[in-house]
Structures are given as structure tokens and as C-alpha cells.
Amino acid sequence: MPRLPLPRPRRARLTALGAVVVVLAAATVLWATRDTAPPAVPTQDALLDLPAAPGSAEQVKIDTTTYLPTTLPAPAVLLAHGFGGDKTSVADDARELARKGFVVMTWSARGFGKSTGKIGLNDPDGEVADASRLIDRLVAQHQVTLDATGDPKVAVTGASYGGALSLLLAGTDKRVDAIAPVITYNDLAQGLVPNAATPAATAPGTPSAGAFTPDGVFKKSWAGIFFSAGSGAAASGSPSAEAPEAGQETDTGSTGATGAGAA
């Protein structure tokens with residue numbers, strides 16, 4: 001049976017109705033997408049003047065960002081970056097921790113990002129002392145839960161270079177309540193060239209006794225990444241590519257170690 005053409009007014013109404021349905025569907029998708037987007041995290045940037053060394057009149061500038069949770073005061077986390085990175089390297093992690101209820105402070109260590117000073121490889125009188133003064137800063141901001149006067153409830157975390165910083169800070173500042181070091185080292189020299197820096201025989205039962213046995217292996221890929229980043233070979237203070245996975249062929253034909261570009 002042949003189909004009869006619809007009257008023009010009815011055809012126009014159906015076309016308009018279809019357009020309305022399409023617009024409403026698109027609006028629903030946009031609304032749902034907006035509702036599922038994570039909430040924005042308020043931040044506070046500060047460039048701090050800190051002593052270049054204990055008792056020194058010379059100062060270095062340390063570039064910091066504090067990420068704030070919805071409810072204050074709250075426990076704090078110092079989030080350190082890896083070697084070759086800066087505070088922006090850990091921005092996503094900082095936002096995630098802030099959304100979970102923590103005050104999070106990130107910073108660019110000496111010699112990285114916008115921070116001044118010379119890289120000291122986590123010198124107790126340099127980078128470690130800086131981190132201790134960042135704890136002082138958290139106390140002064142009155143946004144952090146306190147265990148006692150001048151003693152905030154604070155944890156420290158970071159990967160590799162940042163993980164070593166967390167170990168050293170916890171060992172020198174009793175205000176640190178918890179640490180979560182990730183893929184880090186307890187001795188940088190032995191981490192790159194095992195057995196090369198053994199000062200003396202270790203006591204029996206030392207947890208890291210295996211590091212002092214003969215025939216250590218030179219970590220060529222890690223050493224290359226580490227020193228390239230520190231010498232400024234990487235753009236913007238951060239390595240331009242990730243380190244090759246274990247067993248993966250590199251451009252030079254050698255195999256790489258497991259790890260990220262920022263040590």
C-alpha cells in the first residue's frame with residue numbers, strides 16, 4: 001500500500017519534536033559528565049626563603065604548593081618528587097590525597113623547578129632541613145591537625161629521590177608520624193654501584209647485608225637517567241622519557257632497568 005504524505009504542519013511538528021529530543025539527550029550526557037568530574041581542589045602557592053645551610057645568612061627560595069581538602073583542620077602529607085622532577089610532577093597525586101581529606105604540601109627541591117640553590121642529593125643540612133622547615137610552615141598555617149603545640153599530624157611520602165627524603169626526614173625530625181617511601185634506596189652510592197662505597201664490614205644480621213657482598217652490578221641505565229636529570233639535560237628539569245623496562249631494548253641496543261624517568 002502506498003504511504004500517504006503527512007500534512008506539512010504535522011511533519012513540521014514531528015521534526016521539531018525530534019530536535020528537542022536530541023537536544024535533551026545531549027544535555028543529559030553533558031550534565032552526567034559534569035556531575036562525575038572530580039571536584040576542584042583549592043591550592044595555595046608560596047615561594048619560601050629558607051637558610052642555605054644551618055646558621056647561614058644566605059638563603060634559597062623553595063617553590064611550594066599546598067592542596068587543601070574540604071574539611072579543615074586535617075592531617076597533612078608532605079609529598080616529595082623524584083630526582084629530575086619538580087612539584088608539578090606529583091600534582092595529580094596531591095589532588096587525589098586532598099580529595100581524600102589531607103592537607104598536602106608539594107615543593108620543588110633545591111635546584112629543580114623554580115627553586116634556587118644547588119642540588120645536595122638529600123643533604124641533611126640542605127634538602128632534609130628544608131623539608132623540616134616545611135613542617136614548621138604547616139604548623140604556622142593553622143590548617144593542619146596538631147598532636148601537640150608545634151607538632152602537626154604529618155606523614156611524608158615520595159618515590160625514589162622523594163622516598164629517600166622521607167626516610168631521612170623521619171630519622172631527623174621526630175614530628176613525622178608516618179612515612180610511605182616508594183621504590184627508593186637506603187644508600188645512593190650502593191644503589192647505583194653496589195659495594196663501591198662500603199665504609200667497613202657490617203655487623204651480623206644487618207638487614208641490607210646483601211648489598212655489601214662482592215661483585216656488585218653497575219646500574220648503567222639508572223645512573224644515566226640520574227646524572228642526565230641532575231645536569232639539566234632533561235627539558236624543564238624532568239627527563240623527557242621514561243626509563244626502559246627491564247629487558248627492553250634501548251636506542252643504544254642495551255637493556256634498561258625498571259623505573260620512571262624521574263629517579
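Checking each residue in the stretch 62-103 for being outside any loop (DSSP other than H, G, I, E, B) and in contact with a Lys or Arg (Cβ under 8 Å, 6 or more places away or on another chain) picks out Ile62, Asp63, Thr64, Thr65, Tyr67, Ala76. Considering the conditions (1) among the hydrophobic types (A, V, I, L, M, F, W, C); (2) under 18 Å from Val60 (Cα atoms); (3) within 14 Å of the chain's Cα centre (by Cα), Ala164 is excluded by exactly one of them, (2). Just to be sure, is Lys87 among the charged types (D, E, K, R) and either modelled with pLDDT under 95 or farther than 17 Å from Gly158 by Cα (or both)? Answer is no for this residue. From the list Arg34, Arg13, Arg99, the lone residue that is out of contact with any strand residue (DSSP E or B) (no Cβ under 7 Å at 6 or more places or on another chain), modelled with pLDDT under 95 and surrounded by 11 or more Cβ atoms within 10 Å (Cβ to Cβ) is Arg13. Number of residues in the stretch 82-116 that are farther than 17 Å from Leu47 by Cα and not basic (Lys, Arg) equals 15. Evaluated against (1) crowded, with 23+ Cβ neighbours inside 10 Å; (2) farther than 21 Å from Pro152 by Cα; (3) modelled with pLDDT of 95 or more, Gly113 falls short on exactly one condition, (1).
The values are calculated or read from the model by the stated rules, or taken from the named source; none is laboratory data. Source: prediction; values computed, not measured. Glycine also receives a Cβ, built like all others from the backbone with ideal geometry; neighbour counts cover every protein chain displayed.
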